[in-house]
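In what follows, a structure is listed as structure tokens, so that the remarks can point back to it.
The values are calculated or read from the model by the stated rules, or taken from the named source; none is laboratory data. Quick caveat, the model's predicted, so the values are computed rather than measured. Here Cβ is always computed from backbone atoms with ideal geometry, including for glycine, and neighbour counts include all displayed protein chains. Keep in mind that these areas ignore ligands, DNA and RNA; they rest on the heavy atoms of the full protein, side chains included. Shrake-Rupley method; radii C 1.70, N 1.55, O 1.52, S 1.80 Å.
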Amino acid sequence: MSRLEKLVEKKIREAMEKGEFDNLPGKGEPIDLSENPFEDPEMRTVHRLLRNAGFAPAFIEERKSIEAELARWRQMLSRAQELYRGELKAGEWLRVTNEFRAAVRELNDRVRLYNLKTPAPAFQRRLVDADAGIAQIEPTRE
């Protein structure tokens, strides 16, 4: 520890002993986490204005769009499973699952681009496994 760090630690400890930190504004209240510490300070005001107007950063809007598209395709697959239940309509089920796989390939391309745009790995999204999505529905088929 450098001399400067030791001096700072000593001053903080002395101030704590004197009670200088006891009556600070906001004591006992949750920390305001509405500000993004990773955000470019020059863009902070712009982002706040957009957020207050109901907009989000482009990568978040893209994530919402991907999730909505995936939900739409999963719902379509689920409906198709209900409609094409049984052996006579197996060809239709095969057609729908092939369309689902093609849609998932397109979505995965979008996910890869989205993952390149995110500011931190924590925001990235996993690729969609079409076969796993189909397998969740197929066991219930007759």
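Can you name every residue in the stretch 88-99 that is under 20 Å from Arg72 (Cα atoms), of a type in the set (D, E, K, R) and open to solvent by 80 Å² or more (accessible area, probe 1.4 Å)? Matches in the stretch 88-99: Arg95 only. Looking only at the stretch 1-53, residues that are among the small types (Gly, Ala, Ser) and either within 37 Å of the chain's Cα centre (by Cα) or within 21 Å of Pro119 (Cα to Cα) (or both) come to 4 in all.
Note down all Cβ pairs under 6 Å where the first residue falls in the stretch 26-54 and is closer than 22 Å to Phe123 by Cα, the second is open to solvent by less than 90 Å² (accessible area, probe 1.4 Å) and in a loop (DSSP other than H, G, I, E, B), and they're at least six residues apart or on different chains. Note: pairs meeting the criteria are Phe38/Pro119. Within the stretch 126-135, the set of residues being of a type in the set (A, V, I, L, M, F, W, C) and either open to solvent by 30 Å² or more (accessible area, probe 1.4 Å) or in contact (Cβ under 8 Å) with a residue 60 or more places away in the chain (or both) comprises Leu127, Ala132, Ala135. For the stretch 55-85, a tally of residues being among the charged types (D, E, K, R), open to solvent by 60 Å² or more (accessible area, probe 1.4 Å) and closer than 24 Å to Ala120 by Cα returns 4. Taking the stretch 119-139 as the range and being modelled with pLDDT of 90 or more and among the polar types (S, T, N, Q) as the test, only Gln124 passes. Scanning the stretch 45-90 for residues that are under 21 Å from Arg101 (Cα atoms) and of a type in the set (Val, Ile, Thr) turns up just one, Ile66. Glu138 meets all of the listed conditions (1) open to solvent by 60 Å² or more (accessible area, probe 1.4 Å); (2) not in a helix (DSSP H, G or I) but one, namely (2). Out of all the residues in the stretch 100-125, which are open to solvent by 20 Å² or more (accessible area, probe 1.4 Å) and either without any contact (Cβ under 8 Å) to a residue 12 or more places away in the chain or aliphatic (A, V, I, L, M) (or both)? Within the stretch 100-125, Ala102, Glu106, Asp109, Leu113, Asn115, Leu116, Ala120, Pro121, Ala122, Gln124 qualify.
Scanning the stretch 21-77 for residues that are modelled with pLDDT under 85, of a type in the set (A, V, I, L, M) and assigned to a loop (DSSP other than H, G, I, E, B) yields Leu24, Ile31, Leu33, Ala56. Residues that are within 27 Å of Ala56 (Cβ to Cβ) and in contact with a helix residue (DSSP H, G or I) (Cβ under 7 Å, 6 or more places away or on another chain) within the stretch 95-118 comprise Ala103, Val104, Leu107, Arg110, Val111, Tyr114, Lys117, Thr118, listed in sequence order.
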